[in-house]
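Okay, so here's the structure we're looking at.
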């Protein structure tokens, strides 16, 4: 089996949320544990942000209002502590790209600052393309974003592998014939992905 295109989620696969963000929210601002659901749950403004209906700035403003925080304070804290790079995964992607030569495509539910963050973290050259939900107006697990990804790359589904940390994002990709691996830490991932890059 030859993988021509590797679709990679960003959050939880290439970048991990910085746990210090949540602890600082609790310690300095009295925001209790479980705030992650407030930020990324379907009941809040994240859905509108990740599908490009509101800007990232509006999202942070709405979250600050929900949490009773100053907008500038929350924005600064997010900028300081939002993500950490999953270095073993980045090294694996670079190795696979150099050895096997697949297209490496980010397929991420994100806001419109994603590309800027990848640049800041020196990860832009890791990817041949970035499919950002906020820019295309579609978010996983909507089947249309997977169809868009296949159309963009012109790769047959059976020659594509999709890696994501959320199980619920897999069935629509599988229904199209795309191979999938759920990321649950690098050690488990490296074993699960071996059959595709042996």
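The values are calculated or read from the model by the stated rules, or taken from the named source; none is laboratory data. Since we're looking at a predicted model, the values are computed, not measured. All Cβ positions, even for glycine, are placed from backbone atoms using ideal geometry, and neighbour counts span all protein chains on display.
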Tell me, please, whether a residue that is within 17 Å of the chain's Cα centre (by Cα), surrounded by 18 or more Cβ atoms within 10 Å (Cβ to Cβ), closer than 21 Å to residue 14 by Cβ and not assigned by TED's automatic domain parsing to the domain that holds residue 186 can be found in the range 36-46.
yes
Tally up the residues in the range 82-111 that are surrounded by fewer than 18 Cβ atoms within 10 Å (Cβ to Cβ) and under 18 Å from residue 55 (Cβ atoms), please.
1
Could you tell me which residue of the range 81-96 is nearest to residue 24 (Cα to Cα), considering only residues that are in contact (Cβ under 8 Å) with a residue 40 or more places away in the chain and part of a helix (DSSP H, G or I)?
81
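Out of the range 13-35, which residues are under 15 Å from the mean Cα position of the chain (by Cα) and surrounded by 17 or more Cβ atoms within 10 Å (Cβ to Cβ)? Working first, answer last.
Initial filter on the range 13-35 (under 15 Å from the mean Cα position of the chain (by Cα)): 13-18.
Passing the criteria: 13, 14, 15.
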So, first residue over 19 Å from residue 85 (Cβ atoms) in the range 17-41, second residue outside any helix (DSSP H, G or I), Cβ within less than 7 Å, six or more apart or across chains; the pairs are 25/31; 26/32; 26/33; 29/69; 38/44
Only one of 110, 106 is part of a strand (DSSP E or B), under 25 Å from residue 183 (Cβ atoms) and touching a strand residue (DSSP E or B) at 6+ places or on another chain (Cβ under 9 Å); which?
106
